[in-house]
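Q: This is the structure I have questions about; it appears just below.
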Amino acid sequence: MNTFQKLLFPIVVVFMVIVGFLYSYIPQIIAANTVRQAVASSEHTVTQFKILRDVYSKTVLSEILAHTTLSVGTDVQQDNGVIPLPATLVQEISRRLHDKGTQIRLYSPHPFPNRKDRQLDEFGTTAWEALSKDPTSTYFKEYHSAGKSYIRVAVSDVLSNQTCVNCHNQITVPTGTQWKIGDLRGILEVKTDITQPIQNGIVISRHIIFALLVGLLSITLTLLITYRAAVQKRLTACITAMDKIANSDGICRDKLPEAGNDDIGHLSQTFNKMSSRLNASLQSLKQERTLLDNKVKTRTRELEVATQHANNANKAKSQFLAVMSHELRTPLNGMLGMAQIMSTSQQSEQQPEQQRQLNILLESGQHLLSLLNDILDFSKIEQNKLELEIHTFQLADLIEPIEATYKPICHKKNLAFDLNTTLPLTTMLRSDKSRIRQVIYNILSNAVKFTESGGIDLSIHTEKCGSCSESLLVVTISDSGIGIRKERLKHIFEPFTQAESSTTRCYGGTGLGLAIVKQLTGLMSGSARVESTLGKGTTFTVSMRVDIIDSQRNEQAESLTDSTPASEPLPEKLKVLIVEDNKINAMVAQSFCQRLGYRVTIAKDGSQAIDTLRQEHFDLILMDNHMPTMDGLTATKIIRQQLKLDTIIFACTADILKKNQNEFLDAGADTILSKPILDVKFRETLRQFSRQFKEQLNQQTVACSTATELISYRKLIEQCDGNERKVLQLLQHFITSMSCEYESLPLYYRSDSYQQLALSANNIRQIATDYRLASLKAMATYIVAVANTGNPPKLEVIRDLSRLMKKNIEQASYYLHKPERKSGVSTSYNKLQQSN
């Protein structure tokens, strides 16, 4: 809506208000004016009549009475010798003017005897009262009757000369003789018909209103047209130009006409100046933006290149660390493993010097492993890839290994080692136990290293965390060692930093231990601080957030910890498959297992392990990752997905990347054993899976005690005297006949068709007899015997038989479709026959 349209509505409203006002008010003004004119005219008429009466009384009447015999009376129409009284004259004149619309009356509350029957009406009575009070005033009133309007005007009639006084005093009844000049004798009333003047006034008022309306309308239209022509077009031009500037992304060249010296002309001039300056600013801004865009693009390309270089460097660093870890851990595994074997085997026969040398070898290997772990942990922290492993544990599980480790070490150096805690050892905590222990180990390691006399105090307590519902585990470690200079304290937690430059030469170390402490405590929402006095000792205080389990949860946790690995015995008589391409590592793992009385089979790669697992059953698989032909990850997937084996798998890998370890676990490995494998860690892991080993052995026990062997390609080739073609025919027949019974057996069992079930089991027994599968034969015989009595066999036996049938079908299918891998068996058989 433009300004013209906005102005039009109020103009119309004002116009209508004016019209209504004029239409209602002007007729009232005209009517009032007509009444005033009628009153004035009536007063004038009365005055004329008074003058006429006075002249008549003083001059005419006195002359006539003096020179003639005529008499004065009221009955002038009946008696020719009577001339009218002044009042009678007035009545006669009024009678004759009545036809002209004007009526004049003269009356009084004291009438002459011939008029005594006349009575005053309401107007006359009211007029007499008003004029009696003020004879000089005029009393009037307007009347409406039969569609006409009248006005009655009453004026006082006083005795103005002596002649009139004498005349009235002569008539004693009923007027009396007390009259004198100036007395109010009567009322002279003029009644005028004002209907036509009012109607004429209304007509005139309408003409006046119409003329005013036409004039106002003409003025309004003239103003609007002038506004539209002289103002609105120019304002519209201004608005259009402003819209173009507002909606334009660039420079606007439009100019407004600057004609005229009015406000709009000044506005146009100001707008043009503003537009010129704005265009100049936009031009400058555009140039600056172009320069800025070019700079941003250049910097962005540089940043992308730098980011790419940084990512490549970070990737190369991670790859280097992974390769370095793998390459270092592999020989370190052999070194530490053989040292452990030598240290524990025939210990009584070793010379003290040899034992000391082995201990030095073990300590050096452990130190090298510690340095390697520090470097890798610090690298993970730098990349924000270190993740906490939260679980529930007893405080004793945290404290006892620390005390068992460092008390003997301190004793060897003649140092006192005091461990104090305000918490019960049975307190259940929830946090990352291994990282808490790593923090304490790192600080204790430095304390032992830099303390030559005195002792080390370890204190553990908890504090309430102010910003959370959990608690802070506060660990304080004090020593009486060499201390740290004050100016070096603020740098003590920085990586590759030590208290003095000579510290590395004297004591060794990488300077990463305390940096890792700082990062780990921060990762666990805690803090680390240090206080030290040079030559007197150092105190480290670290805090880490933990969740203290309440009493109810404590009881549940204790019930769980009753079956912790430490309380579980080592599993016995396990059959272990070691999958390792490195001979030294395989020898170390074999020695660890054989010392526990386990039977060991070694496979050099994943493919060989799969072939072995198709032939034999194992209780445990130690699976390496990086191997030729087939790696451990692929082999693990085949074991779980194709062979459908539930055998426990320990993934033994030198990979330190969490991603690679998770891939191993996702493939089906039960746990990860990081190289180098320590004998203690291996035994601890075996205890963790003690129950699983027991359950596995229970699952292997079927209704009969015979072994659950699988169909053997080697036995078939021997039966067929090395005829591989005949072996393949037997395998095909086995698959066809056994698959049919494998599908039918569960159907008969679920439908309670025991007779059909007995027939199917009998067929299975016959097939098992032909192919020398004792387990299948034994279970089938049991089912035939029970089903023939009309009773259902045990469901466990049905399930075990179906599972064993499926494995034999899969084994036969493998032999049938992979004959090229088994040709070596036939060749070996032929060589054996030739040698015989």
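Where a number appears in this text, it was derived from the coordinates with a stated rule and is not lab data. Computed from a prediction, not measured in an experiment: that's the story for all the values here. All Cβ positions, even for glycine, are placed from backbone atoms using ideal geometry, and neighbour counts span all protein chains on display.
Q: Of the options Gln756, Ala787, Phe734, report the single residue whose Cα projects farthest towards the positive end of the charge dipole of region 727-808 (beta-carbon charges: Lys, Arg +1; Asp, Glu -1).
A: The residue sitting farthest along the positive end of the dipole is Phe734.
Q: In nm, what is the difference between 0.36 nm times the number of residues separating Arg96 and Glu743 and their Cα-Cα distance?
A: Difference between extended and current length: 218.3 nm.
Q: A further question follows. Taking amide H positions as placed 1.01 Å from N in the peptide plane, with prolines and chain starts having none, which residues 5 or more places from Thr462, or on another chain, fall under 5 Å of its amide H?
A: Val474
Q: Can you pick out the pairs among Lys407/Lys575; Lys583/Lys637; Lys407/Lys675; Lys490/Lys536 whose Cα atoms lie more than 30 Å from each other?
A: In this structure, Lys407/Lys575 exceed 30 Å between Cα atoms.
Q: Please find the FRET efficiency linking Thr629 to Ala404, where r is the Cβ-Cβ separation and R0 is fixed at 35 Å, and quote it to the nearest 0.05.
A: So the FRET efficiency works out to roughly 0.20.
Q: In whole Hz and in residue order, list the ³J(HN,Hα) couplings for region 304-314 that follow from phi through the Karplus curve 6.51 cos²θ - 1.76 cosθ + 1.60, θ = phi - 60°; x for Gly and Pro.
A: Once θ is set to phi - 60°, the couplings for region 304-314 become 4, 5, 5, 4, 4, 4, 5, 5, 5, 5, 5 Hz.
Q: With +1 on the Cβ of every Lys and Arg and -1 on the Cβ of every Asp and Glu, and nothing else charged, how large is the dipole of region 713-835 about its Cα centre, in debye rounded to the nearest 20?
A: In debye, rounded to 20, region 713-835 gives about 340.
Q: Turning to a different aspect of this structure: Which trypsin sites (Lys or Arg not before Pro) does region 578-672 hold that lie in a coil by DSSP with at most 12 other beta carbons within 10 Å?
A: Lys644
Q: From the cross-link list Lys573/Lys658; Lys297/Lys659; Lys658/Lys806; Lys573/Lys604; Lys433/Lys464, which pairs have alpha carbons spaced over 27 Å apart?
A: Lys573/Lys658; Lys297/Lys659; Lys658/Lys806
Q: Please list, or write none, the lysines whose alpha carbon is within less than 24 Å of the alpha carbon of Lys244, excluding same-chain residues fewer than 8 places away.
A: The reachable lysines, counting only those whose Cα sits under 24 Å from Lys244, are Lys6, Lys233, Lys255, Lys273, Lys286.
Q: Determine, from the Cβ-Cβ distance of Val214 and Arg299 and an R0 of 56 Å, the FRET efficiency 1/(1 + (r/R0)^6), rounded to the nearest 0.05.
A: Computed FRET efficiency for Val214 and Arg299 comes out at 0.15.
Q: Would you kindly derive the ³J(HN,Hα) couplings of region 444-458 from the backbone phi angles with the Karplus curve 6.51 cos²θ - 1.76 cosθ + 1.60 (θ = phi - 60°), listing them in order in whole Hz, with x for Gly and Pro?
A: So the Karplus estimates, Gly and Pro as x, are 5, 4, 5, 4, 5, 5, 9, 10, 9, 8, x, x, 10, 10, 10 Hz.
Q: I need His67, His461, His391 ordered by Cβ neighbour count within 10 Å, fewest first.
A: Sorted ascending by nearby Cβ count, the order is His67, His391, His461.
Q: If amide H atoms are built 1.01 Å from N in the plane of the peptide, which residues on other chains or at least 5 residues away come under 5 Å of the amide H of Asp183?
A: Leu159
Q: Only counting other Cβ atoms within 10 Å, I'd like Leu716, Leu596, Leu89 sorted with the fewest neighbours first.
A: Leu596, Leu89, Leu716
Q: For Leu596, what is the net charge nearby, where nearby means another residue's Cβ is under 11 Å from its Cβ and Lys, Arg count +1, Asp, Glu -1?
A: After counting each charged neighbour, the total is +2.
Q: Search the structure for amide H atoms under 5 Å from the amide H of Val72, placed 1.01 Å from N in the peptide plane, and list their residues when 5 or more places away or on another chain.
A: For Val72, the qualifying residues are Ile83.
Q: Subtract the Cα-Cα distance of Gln766 and His266 from 0.36 nm times their separation in residues, and report this length gain in nm to one decimal.
A: Gain on extension, Gln766 to His266, equals 168.3 nm.
Q: Could you calculate the FRET efficiency of Leu224 with Asn33 from 1/(1 + (r/R0)^6), where r is the beta carbon distance between them and R0 is 56 Å, rounded to 0.05?
A: Once rounded, the FRET efficiency stands at 0.95.
Q: Can you put Arg152, Arg529 in order, fewest other beta carbons within 10 Å first?
A: Ordered from fewest to most neighbouring Cβ atoms within 10 Å, Arg152, Arg529 come out as Arg529, Arg152.
Q: Just check region 571-695 against the gyration tensor rule for me: Cα atoms, a ≥ b ≥ c as the square roots of the eigenvalues, rounded for a/c under 1.5, and otherwise prolate or oblate depending on whether a/b exceeds b/c.
A: Rounded shape, in that the Cα axes give a/c under 1.5.
Q: Can you spot the lysines whose alpha carbon is less than 29 Å from Lys191's alpha carbon? Ignore those fewer than 8 places along the same chain.
A: List returned: Lys50, Lys58, Lys100, Lys116, Lys133, Lys141, Lys148, Lys180.
Q: If the chain between Lys681 and Leu291 were fully stretched, how many nm would it gain, using 0.36 nm times the residue separation less the Cα-Cα distance?
A: Residue separation times 0.36 nm, minus the Cα-Cα distance, leaves 134.0 nm.
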